[in-house]
Amino acid sequence: QVQVVESGGGLVQPGGSLRLSCAASGNIFNINSMGWYRQTPGKQRELVARITSGGITNYADSVKDRFAISRDNAKNTVYLQMNSLKPEDTAVYYCKVRLVVSTYWGQGTQVTASS
């Protein structure tokens, strides 16, 4: 069994910053990648940022130069530093942990950028 727990969401004014954390625990062997996705009502879940065990990252074009993903392999934890938040970043953010043969999702954390 694998547990994935996100934290750090909340309400912030446009232009502000938030830092999301995601910790994976349980029967974890060989995490391939960890990443953040987001979803708004009526839309498909979309990739925000992803990082491999080797540190290779990729980002959605809409968040490049504003968001930064990082990872602590020893703690099986991934972070998402979000700067210069815009109203269109408002969504539920989900953490995805990809193992060799399976994938796990967290429960999601709400991020709202609004004045």
Fill in: Accessible area in square angstrom per residue, the chain, 1.4 angstrom probe
54
Worksheet item: Top to bottom by accessible area (1.4 Å), largest first, where do 6, 46, 88 land?
Response: 88, 46, 6
Worksheet item: Of 83, 103, 54, which is farthest on the positive side of the dipole of the stretch 25-115, counting Cα position, with +1 on Lys and Arg Cβ, -1 on Asp and Glu Cβ, and the Cα centre as origin?
Response: 103
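Rounded to a whole number, what % of the accessible area of the chain do carbon and sulfur atoms account for, probe 1.4 Å?
Working: 2890 of 6200 Å².
Carbon and sulfur: 47 percent of the exposed surface of the chain.
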Worksheet entry | Probe 1.4 Å - accessible area at residue 75, Å² to nearest ten | 130
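The values are calculated or read from the model by the stated rules, or taken from the named source; none is laboratory data. These numbers come from a predicted model, not from an experiment. Note that we place each Cβ from the backbone using ideal geometry, even for glycine, and neighbour counts take in every protein chain shown. SASA here: full protein model, heavy atoms, side chains in, ligands and nucleic acids out. Shrake-Rupley method; radii C 1.70, N 1.55, O 1.52, S 1.80 Å.
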